[in-house]
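The values are calculated or read from the model by the stated rules, or taken from the named source; none is laboratory data. Values in this document were obtained by computation on a predicted structure and should not be read as measured data. Here the Cβ is made from the backbone with ideal geometry for all residues, glycine too, and neighbour counts use every protein chain on show.
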Amino acid sequence: MNETTVGPILTSDGIPLKVSLQKSERKNKIRAFLLVVPLLFFILFTFLIPIGDMLLRSVDDSYINTVFPKTFEEYKKWDKQDLPSEELYKTMFFEIKEGSGYSIGKATTRMNYAKSGWKSLLKKSKRKFKKIEDGPYKEQMIVIDKRWADMEYWKAIGVMVDPTTAGYYLNAIDLKYNADKEIIRQKENRRIYIKTWIKTFKVSVLVMFFCLILGYPISYLLATLPLKYSNLLMICVLLPFWTSLLVRTVAWMVMLQQKGVFNNLLVMSHIIADENRFQLMYNQTATIIVMTQILLPFMVLPLYSVMKTISPNYMRAALNLGASPLHAFYKVYMPNSIPGVSAGCMLVFILAIGYYITPELVGGKDGQMIGNWIAYHLKTTLNWGLCAALGAILLGVLTVLYWVYNKLVGIENIKLG
Amino acid sequence: MFKLLKASFLGLIAMAFTATSYADITFVSWGGAYTASQQKAYVDTYVSLNPDAKITVENYNGGLGEIKAQVEAGNVTWDVVDVLPDQAITGCDEGLFEKVDQSSFINDMVVPPVSDCVVPQIFWAYTVFYDKAAFPGKKPKKMKDFFDTKKFPGKRGIHTWAQANIEMALVGDGVKAKDVYEVMSTPEGIDRAFAKLDTIKNDVVFWSAGSKPLELVSSGEVVMAIAYNGRIGAAILSEGKDFEYIWDGTVLEQEYLVAIKGGKNTAEALDFMAHASTATALAEQAKYIPYGPMRKSSIDIIKKGEPWFIKYGGDIDIMPHMPTHPKVLKKAVIGNPVWWADNGAEVNERFGVWKGN
């Protein structure tokens, strides 16, 4: 505390200066806040709420519990050794018979994720239960469909009895719950997601790497050539950037397929034999090549804008002081271009990891990425819980990478221009 | 995830600016030659009967994702959608579609409708075909020839999802077309199908867009491919390609129209659907594309009217290109959407593992 301060400074009308200042500042603050309100709402509605909704969906299993509340209550008493008791069959019977058509319909979709076949079993049962007037129900249900006597179907209910579930996350990494809610591995011939995750990261890292290797020299030329040439070069970079993604993807198909331009040229010039044509399309190689070309501008542009700011005098000075060109580049130019490299790599990697349309078209047998599975479940199976879990994992991984990156390089070292 | 974001975003925007005109029907279908044929056979004829009606045709890529998003966001912008049968089942069960009055056609259909929400459109088929020039000597005739790379060497084009690939593998392995789904309902049956697929694994080129198999066969990249029969027909009829179908073990799929629940023009939409499912309208469509109408009486109209297919410079008999030709039906697998609604996710995951290995 400063000893000379005796009390708060007052304005001429006796109000402390601090309060008075705050008062006059308040107006400005409100005005500033009002200016950002539209953006705030925009971000809230288009970004935060949907992401929150997605995160909720990935653990939410409450709907099914509102359709079969009594059955699930009764289910918890079942010992899972033998077929359930008449009592459980009876509760299930009435909840199916008396439930509304749509709620049962939605439930069938959910239950089918737990065990394939629930969908048609419930639908058929809903239709046929109308004819059953009184008990005992167990035998009559089994007469309607013998799957009611299949323990697997009953066991599958076990994974749904809680209103929140980690089941979708487990599915997203090839695990699942068994009837007792213990975590077990997915059947071997269905273990697709871990493989796809690894592939997605592998492809994204490779694409990022190739973009950097190819983009760095171009950006250097762009930044150092006289304006006349660099403008021309810039157009070469931007033209494909402005061309439709689909057009570029299809053009690559024409180039790379077995009877395509590239292979034909090699065969015509007798570099390879006709029967040894390279398989460059409809596999992972194709995905990497095409994605690299499509994402290249996202590496070149930030690199270029950073390199443009590096004064040529630095290099001249280094050379003047006796450094070899390579040494000067390594010691002077490269460190200065790091913010551009980071920005480019981040951009390309983040875009690549969620890529969907290119792998779908050129990926063929092993070039499909996690985005393709998200699209599949979003559109075809309507398993939005699993989509949400896959999306949330993607988001989580990116957040972790961002955090690591921030620790290692520092986010202030990123520069887009 | 992005679709969902987009859908909720668009939903909000649209709610804020509800300025759409109320008499328009938005009809959503798959695009290409198929939608062009629907435009001529259904939309144009409907508009000539009801001059006030306005029908906007949009394209989509299948699936229920967009529809579910629209219904959940309470902002339905599509009225009539052309859907696959397993989606017709799921969407109707989940209350995404309106129930329709089926009394006018229910007794006239080749197979009963898959749900209470649909009006009939066409049968289309996954069919194997080849370029006659690729086999100067003995030509493949049966599904087992498709899986026999010793007798008929060369690559095969197949699609990237499991539907129809499983059925065809079983027919290729000697299962009778009518028993296919019985075999598929046992775990051993699925194993058997994958084992058969293994035999051509190293000779497979995968495609995902419908135009691709035609290009693959035309360019010689593959010697045989599975394709949508309408695309093969169009290549033969309109482009004069020398392609040949292998009808043995072809897999017939159904196609329906549905009305989205909560749409603003439901009455108009249902009226349009009634028009687009009359026997004459269905027959009319076959003038422009070789897909088989689902109503028996439409097939009669076509048979009586041959040459039916409209082509520049002279008309052509269409029945030999129809997947519902009686001769084809004898050896075809009629796709079972209920089986796929049950097992689609599981089998497609397994198919994904198989592809990648």
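A few notes on this one:
- Of all residues in segment A:104-149 being crowded, with 21+ Cβ neighbours inside 10 Å and more than 24 Å from B:Gly344 (Cα to Cα), the one that is farthest from the other protein chains (Cβ to nearest Cβ): A:Tyr137
Residues are listed down the side, and each one gets a yes or a no for (1) touching a helix residue (DSSP H, G or I) at 6+ places or on another chain (Cβ under 8 Å); (2) within 14 Å of chain B (Cβ to nearest Cβ); (3) surrounded by 23 or more Cβ atoms within 10 Å (Cβ to Cβ):
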{"site": "A:Thr287", "(1), (2), (3)": "yes, yes, yes"}
{"site": "A:Leu295", "(1), (2), (3)": "yes, no, yes"}
{"site": "A:Leu347", "(1), (2), (3)": "yes, no, no"}
{"site": "A:Pro359", "(1), (2), (3)": "yes, yes, yes"}
{"site": "A:Cys387", "(1), (2), (3)": "yes, yes, yes"}
{"site": "A:Ile393", "(1), (2), (3)": "yes, yes, no"}
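- Residue among A:Trp242, A:Trp252 that is surrounded by 14 or more Cβ atoms within 10 Å (Cβ to Cβ), under 29 Å from A:Leu303 (Cβ atoms) and assigned by TED's automatic domain parsing to the domain that holds A:Ile288: A:Trp252
- Scan of segment B:192-233 for residues that are buried (at least 22 other Cβ atoms within 10 Å of the Cβ) and among the small types (Gly, Ala, Ser), ordered by number: B:Ala193, B:Ala225, B:Ala227, B:Gly230, B:Gly233
- Residue, nearest to B:Gly95 (Cα to Cα), within segment B:40-69, restricted to residues that are β-branched (Val, Ile, Thr) and under 22 Å from the mean Cα position of the chain (by Cα): B:Ile67
- For segment B:318-357, a residue qualifies if it is more than 10 Å from every other protein chain (Cβ to nearest Cβ), more than 16 Å from the chain's Cα centre (by Cα) and not hydrophobic (A, V, I, L, M, F, W, C), and the qualifying residues are B:Pro320, B:His325, B:Pro326, B:Lys327, B:Lys330, B:Lys331.
- Condition met for A:Ile51 (within 30 Å of B:Ala73 (Cβ to Cβ), within 14 Å of another protein chain (Cβ to nearest Cβ), part of a helix (DSSP H, G or I) and touching a residue at least 24 places away in the same chain (Cβ under 8 Å)): yes
- Meets criteria (touching a Ser or Thr at 6+ places or on another chain (Cβ under 9 Å), β-branched (Val, Ile, Thr) and part of a loop (DSSP other than H, G, I, E, B)) for B:Ile246: no
- Residues of segment A:66-103 satisfying the condition of being surrounded by fewer than 17 Cβ atoms within 10 Å (Cβ to Cβ), under 39 Å from the mean Cα position of the chain (by Cα) and not small (Gly, Ala, Ser): A:Thr66, A:Pro69, A:Lys70, A:Glu73, A:Lys76, A:Lys80, A:Tyr102
- Set side by side, the residues B:Glu167, B:Glu182 differ, and just one is modelled with pLDDT of 95 or more and buried (at least 18 other Cβ atoms within 10 Å of the Cβ), which is B:Glu167.
- In segment A:278-322, the residue that is farthest from B:Phe206 (Cα to Cα) out of those that are among the hydroxyl-bearing types (Ser, Thr, Tyr) and out of contact with any strand residue (DSSP E or B) (no Cβ under 8 Å at 6 or more places or on another chain) is A:Tyr314.
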